[in-house]
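The values are calculated or read from the model by the stated rules, or taken from the named source; none is laboratory data. The shown structure was predicted, so the numbers you read here are calculated from the model rather than taken from an experiment. Backbone-built Cβ (ideal geometry, glycine too); neighbour counts: all protein chains shown. Side chains included, ligands, DNA and RNA excluded: accessible areas come from the protein's heavy atoms. Shrake-Rupley method; radii C 1.70, N 1.55, O 1.52, S 1.80 Å.
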Amino acid sequence: MLNKFFDKFKSKKDDEETKNTEEDLQQEELEISQSNENIEISEEVNDTEKVVEEKNEKSETDNEKYQEQSEEFIEDKEENKEGFFEKLKNSLLKTRDNISNKIDQVLANYRTVDEELFEEIEETLISADIGVETTLKIVAQLRDKVKLNNIQDPSEIKNVLADILKENIINDKIDNNLNVGDKTIILVVGVNGVGKTTTIGKLAMKFKKDGKKVLMVAADTFRAAAIEQLTEWANRAKVDIISHKEGSDPASVVFDGVSAMKSRDADILICDTAGRLHNKKNLMNELNKIKRVIEKEYPEAKKEILLIVDGTTGQNAIIQAKEFMNATDLTGAIITKLDGTAKGGMIFPLEMELGIPVKFIGIGEQVNDLVKFEPEKFIEAIIN
Ligand SMILES: Nc1nc2c(ncn2[C@@H]2O[C@H](COP(=O)(O)OP(=O)(O)OP(=O)(O)O)[C@@H](O)[C@H]2O)c(=O)[nH]1
């Protein structure tokens, strides 16, 4: 019965390009719902799980290590706030060097504030991955503020610039908080290799630490490895995972996930998805179908669609964000790998040009290296 179900959806997937009308999607959802009445929720029947079981012994030490780390989410503890800021600052050293130190070098060459100075600041910000459009906006505001306050001394410029950066990303239009309520479904999107799986694992541990019951859904069914890796993180975080075999319909895994969320009374459902940008239409259809299933099956749950981007890719991450914005309604982004890059300036165009709020940043490979994005602290860490 199960095989028949998967075969049916596999052949449907091949036809996906030509079947994207409203009626088709409704019909597909109906079929998912009918078929699911006849199958068990996936953990017991999943081939991938067997592979993972064999690997469990090997990863047991890893799991213990991650468990220990999850005990100390240092940013949560009041007494560690200062230590946390130091850690953030150290993680962002390369970006800080690229922005703060370079601005210092520019300012040191000027005795008065003139147009040439503004142009050099412009070049510095563009080369620090802040992007042309965002940089032009920031420097225009800088010119205005300097003129308005009759600032003549170049050494005052850096503080004014820091204030402008803060004003642009700390405002009512950008909500950097995750919309987590009693029942929350988080759809995680992004291309391969950006740190999606690791981030989902870190998030799951974080929520668990907050006392939430978490459930994962392996809806990146495109590659067996993606299902395996997520299962490994679910084991580490000691949370349940719903998965089907490779090649099955992502929306049907999500359907099972939502059903399990209800029956097991889970608080947060985190769904991994495949991010194949080479076929935008397929990606859009797949994400829309998943969204419809969630909306239909659990309309009252809070929803987040989080884009994961790799901070080390700078402006490429902005291009990816635009593509995903066209494919779905993103509610926020998580920037990974900011610890190893000088390109952290890309956070500004992401928020200022694209209006995508950054909710968390990844500053390392360890479990507690996913930190809530606090714009003020971030700006202080990269420029002061
Ligand atoms: N330094 C650093 N490494 C990170 C961070 N987040 C993830 N990584 C590493 O990035 C690599 C890729 O992470 P994955 O989670 O496997 O990425 P993915 O997007 O799921 O990749 P695929 O499974 O290939 O699609 C791993 O080696 C992670 O440890 C981070 O914030 N900082």
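Considering the range 181-203, and only residues there that are closer than 23 Å to Tyr298 by Cβ and surrounded by fewer than 16 Cβ atoms within 10 Å (Cβ to Cβ), the residue that is farthest from the ligand (Cβ to nearest atom) turns out to be Asp182.
Rundown of residues vs (1) of a type in the set (A, V, I, L, M); (2) at pLDDT below 95, yes/no style:
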{"residue": "Ile138", "(1), (2)": "yes, no"}
{"residue": "Asp144", "(1), (2)": "no, no"}
{"residue": "Lys158", "(1), (2)": "no, no"}
{"residue": "Asp163", "(1), (2)": "no, no"}
{"residue": "Ile169", "(1), (2)": "yes, yes"}
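Here is the figure for the range 325-364: residues that are of a type in the set (Asp, Glu) and out of contact with any helix residue (DSSP H, G or I) (no Cβ under 7 Å at 6 or more places or on another chain) total 1. Regarding Glu167, is this residue open to solvent by 40 Å² or more (accessible area, probe 1.4 Å), within 19 Å of Leu354 (Cβ to Cβ), more than 16 Å from the ligand (Cβ to nearest atom) and in a helix (DSSP H, G or I)? Taking the combined requirement at face value, the residue satisfies it.
Number of residues in the range 207-226 that are of a type in the set (Lys, Arg) and within 11 Å of the ligand (Cβ to nearest atom) equals 1. Of the residues making up the range 216-240, those that are open to solvent by 10 Å² or more (accessible area, probe 1.4 Å) and under 17 Å from Met261 (Cα atoms) are Lys238, Val239, Asp240. What is the residue count in the range 320-331 for residues that are within 12 Å of the chain's Cα centre (by Cα) and more than 16 Å from the ligand (Cβ to nearest atom)? Final tally of qualifying residues: 2. The residues of the range 351-369 that are more than 11 Å from the ligand (Cβ to nearest atom), touching a Gly at 6+ places or on another chain (Cβ under 9 Å) and among the aliphatic types (A, V, I, L, M), listed by number, are Met352, Ile356, Val358. Restricting attention to the range 349-384, report how many residues are part of a loop (DSSP other than H, G, I, E, B) and in contact with a Pro (Cβ under 9 Å, 6 or more places away or on another chain). The total comes to 1. Selection over the range 283-312 of residues that are free of Cβ contacts under 8 Å to residues at least 40 places away in the same chain and not acidic (Asp, Glu) gives a count of 2. Candidates in the range 336-353 are the residues that are over 16 Å from the mean Cα position of the chain (by Cα) and farther than 14 Å from Thr313 by Cα; of these, the one that is surrounded by the most Cβ atoms within 10 Å (Cβ to Cβ) is Met352. Inside the range 282-300, residues that are open to solvent by 60 Å² or more (accessible area, probe 1.4 Å) and modelled with pLDDT under 95 make up a count of 1.
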